[in-house]
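Note sheet for the following structure.
Derivation of every value follows stated rules applied to the coordinates shown; laboratory data play no part. Owing to the predicted nature of the structure, the values given are computational and were not obtained by experimental measurement. No Cβ is skipped: glycine too gets one built from the backbone with ideal geometry, and neighbour counts run over all protein chains shown.
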Amino acid sequence: MSDKLYDIIILGAGPAGVATAYEAELLGLKNILILEKTDTNCNTIRNFYENGKPIDRDWGGFEVDLLGNIDFKFVKEHKIELFDEILNKSTNIEIKYNSEVYLVEKKDDIFEVESKTGSYNSKNVVISIGRMAKPKKPDYKLPRKLGKIINFDLSKVSGKEKILVVGGGDSASEYATSLSKNNEVTIAYRRKKFTRPNPINQKKLEEKFESGDLKYKLGLDIKEIIDENGLIKIIYSDDSTGIYERMIFALGGTTPIDFISNCGIDIDAKLQPIFDNNNETNVKNLFVVGDIVFQNGGSISMAFNQGYSVAKYITNT
């Protein structure tokens, strides 16, 4: 773990993340770190916006008045140049690419941030990660009658149930270890061992397996799903079977709400992070900005404003 104590760590180098860092620097913060999971800033704009694409300042029929100090440029290439210039010229903003964050945990008023490139400490953390694609579904048929108990996130889980989690990545491991506290859980993965989860999740899985709190079916495919009197009957590729009250797929492409929840942030009935007028969550000095807080979509200008407001709040200016 780095001995350095940052004033602020920002998760994500998209428009909201870069804006937060830039405004915080202008307001006097010296130790700023951005952790970005891809190899470049503003990855979504670079890879999914067409060249020459105009970027609207206003959104949803409403004019957005910019509050901060970032000049709004309207074309994709100009926007990328602006972000590159901000990060290249700054002497107080440190950015680490290919640095996906696994966990944010608060201990004695200091946040410990665990990432692919190391562990870091900070007084404040701003989560500025985007929304991901819709959950991936399996190729095999899912019985319609079991639709209410075959899920792709944790929103429908209630009470103690016998649950099968399907998948081999971080989402699957987090689902399984979390649910195993109050449910009888089995995790099924087509490979013989887990290699995709990050080190923290790998360790949790191993501990759960060793204690017997979590069961597993490894190296097997699911051959068929059958409605067994309202329960889920699974036939595996070795012809073994299992009966479950709920099945949860975690095959990738999920929203980041599980990461948000694991950070200790309260979520509402619509699976949105709960935050106040300063974008601060129930965890003091832990903030959410950008796409993740826009339930029905938002704009870059609104993300800029959120970054500016958070920076002002943190610096008490």
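A simple rule links phi to the HN-Hα coupling: the Karplus curve 6.51 cos²θ - 1.76 cosθ + 1.60 with θ = phi - 60°, which for the stretch 193-206 gives 8, 8, 10, 7, x, 5, x, 5, 5, 4, 5, 4, 4, 4 Hz, with x for Gly and Pro.
Taking each DSSP H run with n ≥ 4 as -39500 (n - 2.57) and averaging over every residue of the chain yields -7500 deg cm²/dmol at 222 nm. Cα centroids of the stretch 148-190 and the stretch 74-101: 38 Å apart. Between amide H atoms placed 1.01 Å from N, distances below 5 Å from Ile10 occur with Leu33, Ile34, Leu35, Val126, all of them 5 or more places distant or on a separate chain.
Between Glu25, Glu207, Glu112, the residue with the greatest mean-square fluctuation in the GNM of the chain (Cα pairs under 10 Å linked by springs) is Glu207. One chain, two ends: Thr241 and Lys136. Fully extended at 0.36 nm per residue, the span grows by 35.4 nm beyond their Cα-Cα distance.
Within 10 Å of each residue's Cβ, count the other Cβ atoms and sort Ser119, Ser301, Ser309 from fewest upward.
With the sparsest Cβ surroundings first, the list reads Ser119, Ser309, Ser301.
If the chain linking Lys116 and Glu206 were pulled fully straight, counting 0.36 nm for each residue of separation and taking away their Cα-Cα distance, it would gain 30.5 nm. If the Kirkwood radius is taken over C-alpha pairs of the chain, then at 25 °C and 0.890 mPa s the Stokes-Einstein diffusion coefficient equals 116 µm²/s.
For the stretch 144-249, what mean projected area does the convex hull of the alpha carbons give, in nm²?
Reported value for the Cα convex hull: 6.3 nm².
Taking only Cα atoms and a 10 Å spring cutoff, compute GNM fluctuations for the chain and point out the largest among Lys79, Lys148, Lys160. Of the options given, Lys148 has the highest mean-square fluctuation.
Kindly provide log₁₀ I(q)/I(0) values, in the same order as q = 0.13, 0.24 Å⁻¹, from the Debye equation applied to equal alpha-carbon scatterers of the stretch 201-255. So the normalised log intensities work out to -0.44, -1.09.
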